[in-house]
Amino acid sequence: MNDEALIQRIGALVEEEHALERALAQDPEGTPEADTRLRQLEVALDQCWDLLRQRRARRNAGVDPEEASARPADIVERYQQ
């Protein structure tokens, strides 16, 4: 996935996340499915941002950004913000 496709994917995930957050604000009880999906979106966003950062770092270092790969959820979720 190239940078532009990755940025578009991030945008789509953010839109879905915001729509779900608005829905949950209207109905704080929500559903277990909504909570699960929100968590999935957060993880997917973390993975996409991590991959984009890897690609940019590789490019800046003069290394092929295509060799970057998405890290597993359990790795990106342990990063400190």
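Tabulated values for the structure
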{"read-out": "Filtered residue count, region 2-33, keeping only those that are under 17 Å from the mean Cα position of the chain (by Cα) and either small (Gly, Ala, Ser) or outside any loop (DSSP other than H, G, I, E, B) (or both)", "value": "19"}
{"read-out": "Boolean, Leu41 is of a type outside the set (Lys, Arg), buried (at least 16 other Cβ atoms within 10 Å of the Cβ) and without any contact (Cβ under 8 Å) to a residue 40 or more places away in the chain", "value": "yes"}
{"read-out": "Residue within region 43-55 that is of a type in the set (Lys, Arg), assigned to a helix (DSSP H, G or I), modelled with pLDDT of 95 or more and in contact with a helix residue (DSSP H, G or I) (Cβ under 6 Å, 6 or more places away or on another chain) present", "value": "yes"}
{"read-out": "Hits in region 50-70 (condition: surrounded by fewer than 16 Cβ atoms within 10 Å (Cβ to Cβ) and not acidic (Asp, Glu))", "value": "Arg53, Arg56, Ala57, Arg58, Arg59, Asn60, Ala61, Gly62, Val63, Ser69, Ala70"}
{"read-out": "Scan of region 13-38 for residues that are surrounded by 13 or more Cβ atoms within 10 Å (Cβ to Cβ) and either small (Gly, Ala, Ser) or closer than 15 Å to Arg71 by Cβ (or both), ordered by number", "value": "Ala23, Gly30, Ala34"}
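The values are calculated or read from the model by the stated rules, or taken from the named source; none is laboratory data. Because the structure is a prediction, the values reported are computed rather than measured. Every residue, glycine as well, gets a Cβ built from its backbone with ideal geometry; the counts of neighbours run over all protein chains shown.
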